[in-house]
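Read through the structure below, which is laid out as structure tokens, and then see the notes.
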Amino acid sequence: MATLHIAHTPWISFPVTVRKRKMQLSYPRSISLASSSSQTSEDYDPKNLESNGSCSSSSSPILKWVTNSLIGAAVVISPLLFLDPALAFKGGGPYGLGVTRGQDLSGKDFSGKTLIQQDFKTSILRQVNFRGANLLGASFFDADLTSADFTDADLRGADFSLTNVAKANLTNANLEGALTTGNTSFKGSIITGADFTDVSLRDDQREYLCKSADGVNPTTGNATRETLLCK
């Protein structure tokens, strides 16, 4: 004898026959058993399945319960699957209404927005305006940020792994603790007043940035060259 459990609810068990073997089938008490008294184990035998491979809901209360549950789940999930891409640039963090992951958001204006931990992974963000935006912990993993404007942006703890940050404007941006693992490129970027404290840079990245590093970050008071550990 075996017991089949479908959800964490009180259970009623009754014997059924499947492939000529008897087993104990359990299902929630909430399922109506109005007709169970007139049903036998043969009612649930696979031989009684209809020609289309399914069992009628009237003879199988458990099938009806499972079907209704799946329909309910579909109603909840379907809006997420068909979200209008036009709403993507609204942002609002990882639990917001907007979807910003894997999108082409080139030229969008996020200036002054609060986008804490926003997921921009693999997105195309060319010439996007992030001026003064709060991007604390945001992810730009493998994204294209060519010519993006991060002036005065809060980028603490942001993930720039494998990201193309070429020609981006990082003037006075705070990148404390940001991630730059992999082939992250800052080629041609403006970093005047940017704070790179605790940013793990490859030696070649650091050497390249130090060639143009200058200024002091107005928020932290740290000199860009010092945060880059330039010689």
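Find how much the distance from Ser111 to Asp203 grows on full extension, using 0.36 nm per residue of separation minus their present alpha carbon separation; answer in nm with one decimal.
Once the chain is fully extended between Ser111 and Asp203, it gains 29.9 nm.
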- prompt: In the neighborhood of Gly188, defined by Cβ-to-Cβ distances under 12 Å, what is the net charge if each Lys or Arg adds +1 and each Asp or Glu adds -1?
  reply: +3
- request: Excluding Gly157 itself, calculate the net charge of residues whose Cβ lies under 11 Å from the Cβ of Gly157, where each Lys or Arg counts +1 and each Asp or Glu counts -1.
  value: -3
task: Taking the Cβ of Ile124 as the centre, find all other residues whose Cβ is under 10 Å away and add up their charges (Lys, Arg: +1; Asp, Glu: -1).
output: -1
- prompt: Which distance in nm do the two modelled labels at Asn183 and Arg101 give, with both placed 7 Å along the Cα-to-Cβ direction?
  reply: 2.4
task: For a footprinting-style exposure proxy, rank Ile191, Ile116 by other Cβ within 10 Å, fewest first.
output: Ile116, Ile191
message: If I model a spin label at Ile124 and Asn68 as a point 7 Å from the Cα along the Cα→Cβ vector, what separation in nanometres do I get?
response: 4.8
- prompt: Packing-wise, with mean Cβ within 10 Å as the measure, how do 102-110, 139-147 rank, highest first?
  reply: 139-147, 102-110
message: Treating segment 88-231 as a set of equal point scatterers at the Cα positions, no solvent, please give the Debye-formula log₁₀ I(q)/I(0) at q = 0.10, 0.12, 0.20, 0.22 Å⁻¹.
response: -0.28, -0.40, -1.15, -1.40
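Every number here is computed from the coordinates shown, using simple stated rules; none is lab data. What you are looking at is a predicted structure, and each value in this text was computed from that prediction instead of being measured. Virtual Cβ from ideal backbone geometry, glycine too; neighbours counted across all protein chains shown.
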